[in-house]
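Input: one structure, supplied below.
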Amino acid sequence: MGLAGAAREGGAALKHKILMIEDEMVIVHFLKSIVSAEGYQFIYATTGREGVSLAASHIPDLLLLDLGLPDMDGIDVLRSIREWSDVPIIVVSARLNEQEKVAALDAGANDYVTKPFGNRELLARIRSSLRQRAQKKDMGAQAGGLFRVRDLHLDCVRRTLSVAGRPVKLTPIEYRILVLLAQNAGRVLTHDYIIKSIWGPYASDSQVLRVNMANIRRKIEPDHADPQYILTEVGVGYRMADEE
Ligand code: CA
């Protein structure tokens with residue numbers, strides 16, 4: 001999504017610091033070898049309390065957080081860090097069910113990866129979260145710029161959308177949903193978050209969201225059976241694809 005993100009690709013030159021909070025040393029060592037090979041700095045804590053303290057003293061660029069910690073519930077660690085920090089947090093956990101995913105996202109997680117996961121998947125999520133943060137800092141799409149992913153071009157200033165050069169007409173609601181997803185590209189937005197962002201804090205009708213999403217997809221997805229722009233996270237929400 002944009003050149004600023006591409007220029008930050010790689011991460012090696014920037015030495016982003018990653019803090020992992022995880023009590024299983026096998027996973028700590030495994031993650032350490034993966035992220036160190038990419039040139040990230042890696043520090044870790046094996047308890048929630050130590051993790052919160054390291055997050056405050058080391059100011060990492062990204063957190064990898066296990067939810068099953070010996071001393072604290074991972075969700076409480078998440079809430080505690082969110083009180084003062086907007087550092088990207090990726091939950092890394094085994095057997096996350098849909099409710100747990102929603103709870104982690106609602107508590108402020110940026111993303112989640114379910115164990116066991118592949119190196120490439122994890123690294124892609126890390127890059128994506130770091131990129132979203134950089135874009136927020138640069139304001140980028142937040143200010144209403146140009147969003148591009150593959151053949152989809154969304155111009156938030158002119159309020160135009162095209163797919164593969166073909167102009168696409170959206171209703172005002174569809175347009176707002178698409179902009180919300182584009183501003184958070186790469187990140188899962190829960191159904192409830194999208195509904196409240198679009199229809200207000202008292203709205204809760206997921207059927208209306210489903211209908212709008214189906215209409216948007218009909219207009220932008222070349223293959224409805226295999227969406228490439230708006231991805232479904234079953235039982236959780238939607239994720240707009242980013243540049244990877
Ligand atoms: Ca654990």
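What is the distance, in nm, between label points placed 7 Å from the Cα along the Cα-to-Cβ direction at ASP86 and at LEU180?
A separation of 1.8 nm, rounded to one decimal place.
Which residue fluctuates the most in the chain, going by a Gaussian network model with Cα springs under 10 Å, if the choices are ALA134, ALA55, ALA185?
ALA134
Please list 199-211, 158-170 highest first by mean number of surrounding beta-carbon atoms within 10 Å per residue.
Top of the packing list down: 158-170, 199-211.
Oh, and also: Pick from ASP226, ASP23, ASP66 the residue whose mean-square fluctuation is largest in a GNM of the chain, springs joining Cα atoms under 10 Å.
Of ASP226, ASP23, ASP66, the Gaussian network model singles out ASP226 as fluctuating most.
Which entries of LYS17/LYS196; LYS101/LYS196; LYS196/LYS219 show an alpha-carbon separation above 28 angstrom in the structure shown?
Details: LYS17/LYS196 34 Å; LYS101/LYS196 18 Å; LYS196/LYS219 23 Å.
Check vs 28 Å cut-off fails for LYS17/LYS196.
How much of the accessible area of segment 2-137, in percent, comes from carbon and sulfur atoms when a 1.4 Å probe is used?
Of the solvent-accessible surface of segment 2-137, carbon and sulfur hold 53 percent.
Given segment 2-137, report the % of alpha carbon pairs whose separation exceeds 25 Å.
Counting every Cα pair in segment 2-137, those more than 25 Å apart make up 18 percent.
How much of the DSSP bridge set in the chain is antiparallel, in percent, rounded to the nearest 5?
On the way: 18 of 35 bridges.
In the chain, approximately 50 percent of DSSP beta bridges are antiparallel ones.
Using only Cα atoms, find the angle between the long axis of helix 172-183 and the longest principal axis of the chain, and express it within 0 to 90 degrees, rounded to the nearest 10.
That works out to roughly 30 degrees.
When the chain is treated as a GNM, springs tying every alpha-carbon pair under 10 Å, which of HIS58, HIS191, HIS16 comes out with the largest mean-square fluctuation?
Maximum fluctuation in the GNM of the chain, among the listed residues, is at HIS58.
Then there is this: What do the square roots of 5 times the Cα gyration tensor eigenvalues come to for the chain, in whole Å, largest first, as semi-axes of the equivalent ellipsoid?
Output for the chain: semi-axes of 32, 20, 16 Å.
Relative to the longest principal axis of the C-alpha atoms of the chain, give the angle of the C-alpha long axis of helix 206-220, reported between 0 and 90° and rounded to the nearest 10°.
Approximately 70 degrees, to the nearest 10.
While we're on this one: Report the per residue volume, in Å³, of the convex hull enclosing the C-alpha atoms of segment 126-244. The partial results should precede the final answer.
Details: hull volume 13.0 nm³, N = 119.
Looking at segment 126-244, the number lands at 109 Å³ per residue.
Let me ask something else about it. About the Cα centre of the chain, how large is the charge dipole given +1 on each Lys and Arg Cβ and -1 on each Asp and Glu Cβ? Please answer in debye to the nearest 20. Don't skip to the answer; put the middle values down first.
Numbers: 31 positive and 31 negative charges, 207 e Å.
Result for the chain is approximately 1000 debye, rounded to the nearest 20.
The values are calculated or read from the model by the stated rules, or taken from the named source; none is laboratory data. For clarity, every value in this text was computed on a predicted model and none was experimentally measured. Backbone-built Cβ (ideal geometry, glycine too); neighbour counts: all protein chains shown. Accessible surface is based on the protein model in full, side chains and every heavy atom, while ligands, DNA and RNA are left aside. Shrake-Rupley method; radii C 1.70, N 1.55, O 1.52, S 1.80 Å.
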